[in-house]
Amino acid sequence: MNATPRALGYRMPAEWERHDATWLTWPREAGISFPDAFENIPAMWARLAKTLAENELVHINVFDEAHEVDIRAALKKEDAPLGTRIHLHPFPAYEPWCRDHGPIFVRNTDGLAVVDWQYNAWGGKYPPCDLDDAVPQHVAKLLNLPLFSPPMILEGGSIEVNGAGTLLTTEACLLNPNRNPELSRAQIEGNLREFLGVEQILWLGDGIVGDDTDGHIDDLTRFTDATTLATIVEEDPQDENYERLRENRTRLDAMRTPEGRPWRIVELPTPGVIEREGQRLPASYANFYIANGVVLMPGFDHPNDKRAQAILQELFPQRRVILWPSLDLIWGLGALHCITQQQPAAQA
């Protein structure tokens, strides 16, 4: 297709707009995401699928037939509604981070389309990733949707939109030479505008310590409505994240809406230092997922879990904010937003 999504009136809806479904990629024991700690992971995915299926359809990407047998067993054990609300698809991917390799949907008055950004496993860190890269193409074919393929590498966790023309991202990730060394900042911004239908692009700086994605925005700052941003701040000056998060907070204070007004900024605490086997993990309450009827927020068995949950509950009064135990999940260096990808309703 020659015309870009923007030219055809497409835009990327905000995550809180109504979903038709959520896409998940089921983890594999043979994968690299949860070394020596896989045993609790399938049950977590099954509980997640069951919880989401209460309010929207759930589509799950499956690696092969043996994988499907295991998935069916895990879903059955959780009494999840497989076949009615939960559907399996033979779309293989090596790792389960569907936010980053899954389809990104845009919408116009005629319905949805899929944007298939190129994917190189966070700057070539974890090859192979050819199967993961192909997932959006499978989804577009299944749903019989138009497919757009931008000439640029981009992961879904690196962008955050408010559905009203503004996109938030980070320099640490999108300007990293391990993604698109041949593209300038202006060219990257041009692709974001043309393929996601946004107008205003706002840039933060560095990500949090331990984040192997080079600074995804979904661990830092999230839109909770069209004019409100929830951002994490570190209260301990001795913490490695203190200065980088303070710098991002300063940037947010200087930013303005397209109408020239300050954004409403709401601060979220951090869970401090979460380590496993001597490795600091990128634990962040910003890595929540907004689904129909609920917000799923990662919890890390830390006193700040409840503080963060209460803040998000105020920001989402029409949804139930569920605290989701995520210590096993964060060992894979991602949390709830990283493993989910929303499929917006076909009509606004």
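The numbers here are math on the coordinates, done by the rules we state, and not lab data. Note that the coordinates shown come from a computational prediction; the quantities given were computed from them, not determined experimentally. Backbone-built Cβ (ideal geometry, glycine too); neighbour counts: all protein chains shown.
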Distance between the range 256-270 and the range 150-177 - C-alpha centres, whole angstrom: 18
Of the GluC sites (Glu not before Pro) in the range 29-65, those whose Cβ has at most 14 other Cβ within 10 Å and which sit in DSSP loop: 29, 39, 54
In the chain, taking the dipole from +1 charges on Lys and Arg beta carbons and -1 charges on Asp and Glu beta carbons about the Cα centre, the listed residue (183, 139, 346) farthest towards the positive end is 346
Rule-of-thumb check for the range 35-174: C-alpha Rg over 2.2 N^0.38 Å? 1.12
Between residue 182 and residue 3, what is the label-to-label distance in nm when each label sits 7 Å out along the Cα-to-Cβ direction? 2.8
For the chain, modelled as a Gaussian network with Cα springs under 10 Å, which listed residue fluctuates most, 113, 186, 43? 186
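In debye, nearest 20: dipole of the chain around its Cα centre with unit charges on the Cβ of K, R (+) and D, E (-)?
Rounded to the nearest 20 debye, it is 1080 debye.
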Label-point separation, residue 108 to residue 76 (7 Å along Cα→Cβ), nm: 4.6
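What is the extension gain from residue 266 to residue 30, computed as 0.36 nm multiplied by their sequence separation minus the C-alpha to C-alpha distance, in nm to one decimal?
Numbers: separation 236, 0.36 × 236 = 84.96 nm, distance 4.01 nm.
The span from residue 266 to residue 30 would gain 80.9 nm if fully extended.
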Putting +1 on Lys and Arg Cβ atoms and -1 on Asp and Glu Cβ atoms, find which of 7, 33, 60 reaches farthest to the positive end of the dipole of the range 1-71. 7
Quick check: pseudo-label points 7 Å beyond the Cα along Cα→Cβ at residue 307 and residue 225, how many nm apart are they? 2.5
For the range 289-348: rounded, prolate or oblate by the Cα gyration tensor [a/c cutoff 1.5]: oblate
Taking 8 Å as the Cα distance limit and 6 or more residues as the minimum spacing, I'd like the relative contact order of the range 166-229 as a percentage. 43
For the chain, what does -39500 (n - 2.57) per DSSP helix run (n ≥ 4), summed and divided by total residues, give at 222 nm, in deg cm²/dmol to the nearest 500? -8000 deg cm²/dmol
